[in-house]
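K.L.:
One structure is given below, represented as structure tokens, and several questions about it will come after.
FYI, it's all coordinate maths here, none of it is from the lab. Values in this document were obtained by computation on a predicted structure and should not be read as measured data. Note that each Cβ is placed from the backbone with ideal geometry, even for glycine, and that neighbours are counted across all protein chains shown.
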Amino acid sequence: MLRERTRGQLDEVLAQGGGGTHQNRSERDSFAGMYAERLARLWAVENGLCFGRLDLAQEGPLYIGRLGLSDDDQARLLIDWRAPVAQPFYRATPAAPMGVTRRRHLQTKGRRVIGLDDDLLDLDRLSEADRATLNGEAALLAALDEKRTGRMRDIVATIQAEQDRVIRSDLNGVLVVQGGPGTGKTVVALHRAAYLLYTHRERLARRGVLIVGPNLTFLRYIEQVLPSLGETDVLLSTVGELYPGITATARESAPAAAIKGSARMAEVVARALRDRQRVPREPVDIPMGNFTLRLDQRTCEAAKSRAVRSRRPHNQARAVFVRHVLNVLAKQAAKALGRGMLEEDELADLREDLRTEPAVKSALNRLWPYLTPQQLLIGLFGSRPRMAYAGLSDAEQDILFRETPRGGVSWTEADVPLLDEAAELLGDIDPQVLRATAMQAEEELAAARRAEEAERDSELTYAREVLELTGMSDMIDAERLAARHRGDENYLTTAERAAGDRTWAYGHIIVDEAQELSPMAWRMLMRRSPNRSMTIVGDIAQTGSAAGAASWGQVLDPYARGRWREETLTVNYRTPVELMAVAADVLTLVGPDLKAPDSVRETGVPPWARKLAAAREIGPIAAGEIVEGGRLAVIVPASRAAELGEAVTSAVPGAVAGPVPGALEAPVVVLTVADAKGLEFDAVLIAEPAEILAESPRGPSDLYVALTRATSRLGVLHTGDLPPALSRCERIPSP
Ligand SMILES: Nc1ncnc2c1ncn2[C@@H]1O[C@H](COP(=O)(O)OP(=O)(O)OP(=O)(O)O)[C@@H](O)[C@H]1O
């Protein structure tokens, strides 16, 4: 009924047609947007709309749901799980019942209730041990036992008290959520986003919320959680996508990524720019036909120091540099032309004449060139002398040097924070200048226009198809939907506008797998969070990348010393006790004092290890491990990814190798540790653990990550000796 009412409201607004004043139109559009969004939410949350009931000592029961609903007389039917009155549903315990006598979890399928689970919070009827019990234990365990679908689900019905504290923590300041594998960091971070958007809608809807994840597969894994909570306006991004207009497609070697990620690259980029503002050793002669103008070192020095003192970014400081040089040249020209003292307006005319003189223009372009961030970095990494000037050692130059390929440069994820750094120092180029200086501007423009036309046609066709499919063609016309899709300014949501703006300041930023980010990536993120309202979730023990974090203090003190707080999650909801015992042994290799989280479930199935004569035997073994209706991952050393991927895909129909689209839906997928980070599977096979250990300085962390991806079964396959840390695995004799 509510859905019908919303749809009715939307119809009404759209029926007002396209006429009216501009303001009328934009009001109508924003109402239409609001109702369409509400409709989308109601659809998204249909499944399990109501999942809980609180019986209270003082008043009638409350029903808890994914969003709040009232009837036509504004009586509350359902309480949004994020509302303050819903909090006892997650926090009440027998020791502190918060006015609740009974908490009931409803399990629903579609619109039917298929199960109930009660917690009695009446003290007298519970034993001491039960008082410390989990929140809704039966409901929780039922949720944890379900087969994995390849997409993360929301957990609104079974959020635990320690998680609830994180979710509802204050918006302001930097909150670090440290927790071992499977403690719910990711899922809690997503629920926190939904909670914050609900509680601080005004502020966050305007500035938007950014969620940063480690890779695209991971973002696909989590992307459905927020819409299922009723939130659609959040930007999910990797670090590699955060620079508008650049798609980081190339892979970087680990040593190169480590150098590019290190904090001293900020100084390297700054020096690389100073290199481009260098005064030439010899005077520059500018032939003007009848006479020659000369730019000596003193003039260049003076112009440069004025430009630098202006404290403007490079491209904007160019105006200061140019003005001084043109003044000097104009005076020289006046002298050469036999004119004496010039009035200020005559001097100005002469300056303008010189400005458009090709020889002068080209001299100025050499002395203080307009630069894009891309040009600065391509110029740097393509030249050893420039790298040396910028402060990179010979060995570093060997690792970073790259020739500029003809087809253009492919950027890597580690380049993106450097481009961002460069953009900060360079500032924007006047778009007019940009157009004028672009090489083959005409041709490029024409090609771009053709591409745009083609794009627009295909968007329109797509929009028509969508409208036909969803039966909404009577409500929104295809042109408008396509315009929205294409990113026309007038139709953009906050998240869409933010994505296109490098200097956007977000209302809140959530970083997942935060231990992997390099110091340069942190600099970039901090620029997008001037108010330092952030949630940072991760596990220092799982750090795999060479430029990643060794402690949260090291990451955050430079930006928020004394202003960040840490919460710890301690219970593992993913990995059963039997697997976690093995993982805990490996964790001692990462650090002798580290403690693995406690698991809530037992399966009775111990992890096993099996020695193989040849690695290829993995294929048929994987075929035998497939989980009916569930998913299996084969985690392999990075250096063997291609070979073992082939071994598995050729032996198992439907198996997929690598983080390709569709990897999450496949019954069997072969992944490296880096690509499996943050994901989970029903069963996991680890191939060649000794090589995973030896492959990088963070080998033990990598093996720990691999061991903690499974929700029920784990097998280890090895051709060499089994690493001693895995000796708890049950040995299966070779076939
Ligand atoms: N309160 C809960 N109720 C039901 N399921 C939960 C709960 N908390 C966590 N889970 C489940 O536990 C699993 C692990 O959660 P999640 O992936 O968020 O952990 P993580 O801490 O991010 O792990 P990692 O560090 O390994 O990436 C998920 O399947 C999640 O849905």
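K.L.:
Magnitude of the Cβ-charge dipole of the stretch 648-735, K/R +1 and D/E -1, about the Cα centre, nearest 20 debye?
P.N.:
160 debye
K.L.:
Could you give the length gained on full extension between GLU566 and GLU628, defined as 0.36 nm per residue of separation minus the Cα-Cα distance, in nm?
P.N.:
18.3 nm is the gain from fully extending GLU566 to GLU628.
K.L.:
Contour minus end-to-end for THR101 and SER393, with contour as 0.36 nm per residue of separation and end-to-end as the Cα-Cα distance?
P.N.:
Full extension from THR101 to SER393 adds 98.3 nm.
K.L.:
Per residue and in Å³, how big is the convex hull formed by the alpha-carbon atoms of the stretch 638-689?
P.N.:
Spelled out: Cα convex hull of the stretch 638-689, divided by residues, is 85 Å³.
K.L.:
State log₁₀ I(q)/I(0) for the stretch 288-375 at q = 0.26 Å⁻¹ as given by the Debye formula over alpha-carbon point scatterers of equal weight, solvent excluded.
P.N.:
Normalising to I(0) and taking log10 leaves -1.40.
K.L.:
Output the direction-averaged projected area (hull surface divided by four) of the convex hull of the alpha-carbon atoms of the stretch 518-664, in nm².
P.N.:
Taking a quarter of the hull surface, the average projection is 12.3 nm².
K.L.:
Continuing with this model, one more query. Which value results for Rg/Rh of the stretch 175-248 when Rg is the Cα radius of gyration and Rh the Kirkwood radius based on the inverse mean 1/r?
P.N.:
Here Rg/Rh amounts to 0.97.
K.L.:
Could you tell me which of the pairs LYS185/LYS260; LYS331/LYS361; LYS147/LYS611 are separated by over 20 angstrom between their Cα atoms in the structure shown?
P.N.:
LYS185/LYS260; LYS147/LYS611, as the Cα separations exceed 20 Å there.
K.L.:
Rounded to the nearest 20 debye, what is the charge dipole size of the stretch 592-677 about its Cα centre when +1 sits on each Lys and Arg Cβ and -1 on each Asp and Glu Cβ?
P.N.:
With only Lys, Arg, Asp and Glu charged at Cβ, the dipole is about 160 debye.
K.L.:
If I take R0 = 25 Å and measure r between the Cβ atoms of GLU352 and GLU282 in this structure, what FRET efficiency does the formula 1/(1 + (r/R0)^6) give, to the nearest 0.05?
P.N.:
0.35
K.L.:
A further question on this structure: Based on Cβ point charges of +1 for Lys and Arg and -1 for Asp and Glu, what charge dipole magnitude is obtained for the stretch 239-363 about its Cα centre, in debye rounded to the nearest 20?
P.N.:
The calculation lands at about 600 debye.
K.L.:
Now, a different point. Taking the radius of gyration and the Kirkwood hydrodynamic radius from Cα positions alone, what is the Rg/Rh ratio for the stretch 650-735, to two decimal places?
P.N.:
0.96
K.L.:
Using a simple spin-label model with points 7 Å from Cα along the Cα→Cβ vector, what separation in nm is obtained for LYS331 and ARG298?
P.N.:
Taking the simple label geometry, LYS331 and ARG298 are separated by 1.0 nm.
K.L.:
At 0.36 nm per residue, minus the direct Cα-Cα distance, what do ASP145 and GLU602 gain on full extension? Give it in nm, one decimal, please.
P.N.:
Once the chain is fully extended between ASP145 and GLU602, it gains 163.5 nm.
K.L.:
So for each of 641-648, 174-181, 388-395 I average, over its residues, the number of other beta carbons within 10 Å; can you give me the resulting order with the highest mean first?
P.N.:
The packing order, highest mean first, is 174-181, 641-648, 388-395.
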